[in-house]
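These notes are about the structure you will find just below.
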Amino acid sequence: MSQRNCFNSVPKGLYFPTERRKFVHRIFGPVPSRRLGRSLGIDVIPHKTCSFDCVYCECGATTNKTCKREEFYPLEELLEELDERLSSMEVRPDYLTLSGAGEPTLYSRMGELIRRAKEMTGLPVAVITNSSLLHMEDVRRELMEADVVLPSLDAARAESFIKINRPHRRCDLAEIMQGLKTFLSGYKGKVLFEVLLIDGYNTEPEDLEALKEFLDSVRVDRIQLNTVVRPGTIRELKALGSERLEEIREFFGPKCEIVASGYTSAKGKETDTEIEEILSLLKRRPCTLEDIHNSTGIPIPGLIKTLDELIEKDEITTNVFNGKTYYTTEAKD
Ligand code: SF4
């Protein structure tokens, strides 16, 4: 996951204030997803438990780099919280998405969670994965339950893979690529394949040729090009310019698209108060004014006023990245 929709989880121990007090908050959103519309997230992994430590990760440095699968949170509690959250929503989300500030396939009961969440809600389930565990037969089998899989591969050359994704020592690129091939050859659902490009990391001609060769050999519905759009763990990363992205899109062929930088239509409002919604969103990731508007549906003039008030009260702050202003609950550097 990523700049690819891996969101900060609510800090450990933060509970819903009233009747939902019994749950640690593992269900988040709906958040505007560039690829899934209104996506209600299920965060199955403790904050920054991941097999990678990507330089662009918007959730900060990985604190538990691991390839060991575990039931980090009891399955029954996740389902109970999901049920409660959905019953309080006026507008249903477009998708349930296994995501969060870590790698969701590390959740050892992922297959059962997907199957039961679908049965319980009737909603389609998407899984965003960094592909690192797809060499494991049980992970591939469980992932077959998902309606949409959003795998990623940023590099098909070991040197670039290590530089950009900073993987766990047990992650082997050749194994990952073979795991992806095996999974995609049998998977019947939709595949939105993401490649995140950063100048100086994975954009040399040999990088792009190796990626293209791999992508030409697997079954995907779309290849989605992304670049850094929010501050990562290395702050000086530069977004690839639109001209360069366009060149690469053409190089990858007709299935390739540049991921649009915004969700366009909020379908309605939730029952939580506006301030709770805003703070909940910003605890997960930095957002622009447009991101917040699209996620919450709060009209821009009122939203600006509310954000100004939250800044006045020191509850949020702003950071500028690549010329855009992001609101965040994190302190300034
Ligand atoms: S470090 Fe993990 S959570 Fe962060 S972008 Fe990379 S794969 Fe996603």
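The residues of segment 292-317 that are at pLDDT 85 or above, outside any helix (DSSP H, G or I) and loosely packed, with under 14 Cβ neighbours inside 10 Å, listed by number, are LYS313, ASP314.
Taken together, the residues in segment 87-98 that are touching a residue at least 40 places away in the same chain (Cβ under 8 Å) and under 20 Å from the mean Cα position of the chain (by Cα) amount to 6.
The set of residues in segment 237-284 being modelled with pLDDT of 75 or more, over 27 Å from GLU209 (Cβ atoms) and not hydroxyl-bearing (Ser, Thr, Tyr) consists of ILE275, GLU276, GLU277, ILE278, LEU279, LEU281, LEU282, LYS283, ARG284. In segment 53-65, the count of residues that are of a type in the set (Phe, Trp, Tyr), at pLDDT 95 or above and part of a loop (DSSP other than H, G, I, E, B) is zero. Check whether at least one residue in segment 136-150 is farther than 30 Å from ARG109 by Cα and in contact (Cβ under 8 Å) with a residue 60 or more places away in the chain, and report yes or no. No, segment 136-150 contains no residue that is farther than 30 Å from ARG109 by Cα and in contact (Cβ under 8 Å) with a residue 60 or more places away in the chain.
Checking each residue in segment 66-101 for being modelled with pLDDT under 95 and within 16 Å of the ligand (Cβ to nearest atom) picks out SER99, GLY100, ALA101. Screening VAL24 against (1) within 16 Å of the ligand (Cβ to nearest atom); (2) modelled with pLDDT under 75; (3) hydrophobic (A, V, I, L, M, F, W, C) leaves a single unmet condition, (1).
The values are calculated or read from the model by the stated rules, or taken from the named source; none is laboratory data. Quick caveat, the model's predicted, so the values are computed rather than measured. Cβ sites come from the backbone with ideal geometry, for glycine too, and all protein chains shown count toward neighbours.
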